[in-house]
Amino acid sequence: MTSSARPSTRADFVYIFHIGYMNTMTKQAVLTVKKLVALDPEMVRRIESFRFSERITESEAIRRLIELGLSRSASKAKFGTRPG
């Protein structure tokens with residue numbers, strides 16, 4: 001089957017889908033710790049806005065926003081100022 005051809009059978013389709021699924025799972029396999037966090041409606045709205053503007057998943061948006069906050073906090077601590 002060529003790369004531009006459509007799957008000719010259901011088995012071909014399942015195989016192609018499965019390979020794509022496995023490629024995304026290997027990246028996510030490192031993420032083993034889960035946290036349950038309560039958020040107020042305004043924060044949820046802001047996260048959703050960020051998510052849609054970046055065209056990423058909600059989980060990825062939350063990870064990126066946490067990383068941005070931690071980086072900012074670390075840079076402030078490096079210069080002797082308090083976060084906030």
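Here are some notes:
- Only a single criterion out of (1) in a helix (DSSP H, G or I); (2) modelled with pLDDT under 95; (3) open to solvent by 70 Å² or more (accessible area, probe 1.4 Å) is not satisfied by T81, namely (1).
- Residue under evaluation R45, criteria (1) at pLDDT 95 or above; (2) open to solvent by less than 60 Å² (accessible area, probe 1.4 Å), criterion not met: (2)
The values are calculated or read from the model by the stated rules, or taken from the named source; none is laboratory data. If you're wondering where the values come from, they're calculated on a predicted model, not measured in any experiment. These accessible areas exclude ligands, DNA and RNA; they are computed on the full protein's heavy atoms, side chains included. Shrake-Rupley method; radii C 1.70, N 1.55, O 1.52, S 1.80 Å.
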